[in-house]
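Just so you know, all these numbers are worked out from the coordinates, no wet-lab data involved. Keep in mind that this is a model prediction, so the values were computed, not measured. Cβ coordinates were reconstructed from backbone atoms using ideal geometry, including for glycine residues, and neighbour counts include every protein chain displayed.
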Amino acid sequence: MRDMKQSSREIWSWNKEKEMKYLRHCLRSFRLIAIDTEFPGCLKETPMEAAEEIRYRDMRFNIHKTKLIQFGFTLFDGEGRIGGTWEVNFSDFIESKDAKNSKSMEFLRRNGLNLEKIREQGIGIDEFFKEFTQILNESKSEKKMTWITFHGSYDKAYLVKGFTGGQILPETSQDFAQVVERLLGDVVDVKEIAGLGLFPCLSSHYGLQRVADAFQIRRVGKAHHAGSDSELTARVFIKMAPILSQDYKRKMRLRADQQELMMMTTCYVPQPLRPRPRPMMFAAFGGFFVVPVQRFNYV
């Protein structure tokens with residue numbers, strides 16, 4: 001696998017047609033997509049100890065009340081090759097009128113987001129997602145996409161909002177998970193993988209930059225810009241993939257050994273029925289094995 005580095009291709013109102021054409025071309029060969037979003041912050045902040053449904057309720061409120069500022073995505077394949085990184089700039093958010101968290105806006109400005117330029121030269125959210133949906137549907141005959149996030153609940157929620165034309169999210173986290181599965185399919189969260197214990201240098205408490213630093217991956221572009229963050233997420237996952245593959249193969253060998261032992265020792269006596277445990281699922285593509293993470297974090 002190669003650790004390829006490249007800067008983002010920015011999408012504005014004046015170059016959208018050209019970039020969407022190139023995106024169509026790349027989707028023929030690259031079926032993994034790492035994503036990131038930038039938005040005006042959380043209006044309702046959730047305590048760390050809050051229950052899952054409270055976290056989801058607060059996220060649902062925040063997503064419904066705010067508008068996307070940037071959407072970044074990086075296409076790559078099972079061999080670790082990166083096809084391209086795009087940073088979509090949306091014109092919908094008006095800082096003087098729309099809901100926002102003032103501290104979050106200051107944070108975005110400090111990290112170099114030119115909100116005036118994005119407002120003046122960006123494209124409409126509905127306009128982009130209509131064409132993006134069409135492109136993805138056209139490419140489904142090739143192979144389904146796998147989506148890669150880092151602490152990606154809000155990223156997924158904004159995608160659902162975009163793909164459904166701004167509809168409010170479902171009432172419960174379970175219904176939301178079903179909608180994500182229907183619209184996106186396989187989604188892998190790199191932050192959750194960092195907490196599986198496969199990487200001694202990592203923790204699920206680490207942010208994206210700290211995880212990248214642990215792998216000695218140098219960022220391309222600026223932090224907290226959606227394109228750069230999506231590209232870094234992709235390259236972190238590329239570094240993780242060989243270990244995930246080895247762990248998958250080890251678990252499969254262990255499971256085969258256990259099944260063989262059971263066949264040798266099982267008496268032919270009816271066993272009491274027990275609830276079936278939820279299997280740990282692995283999806284294989286290209287040279288990678290991924291663990292679709294079922295948990296949700298809403299902060």
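Here are a few things to note about the model shown:
- Theoretical FRET efficiency, 1/(1+(r/R0)^6), r = Cβ-Cβ of Glu45 and Gln216, R0 35 Å, to 0.05: 0.55
- His224 long-range amide H proximity, modeled H, under 5 Å: Asp229
- Between Glu120 and Phe107, the modelled label-to-label distance comes to 2.7 nm, taking each label 7 Å out from Cα in the direction of the beta carbon.
- Of Lys117/Lys191; Lys103/Lys191; Lys18/Lys191; Lys18/Lys239, pairs whose Cα-Cα distance is over 29 Å: Lys117/Lys191; Lys18/Lys191; Lys18/Lys239
- Once the Cβ-Cβ distance of Arg24 and Glu181 is raised to the sixth power relative to R0 = 22 Å, the FRET efficiency obtained is 0.30.
- Placing +1 on the Cβ of every Lys and Arg and -1 on the Cβ of every Asp and Glu, with nothing else charged, gives the stretch 3-156 a dipole about its Cα centre of roughly 200 debye.
- Projected label distance in nm at Ile54 and Glu79, using a 7 Å step from Cα toward the beta-carbon: 5.0
- Proximity of backbone amide H atoms, modeled 1.01 Å from N, is registered between Glu10 and Glu87 at under 5 Å, excluding neighbours fewer than 5 places apart on the same chain.
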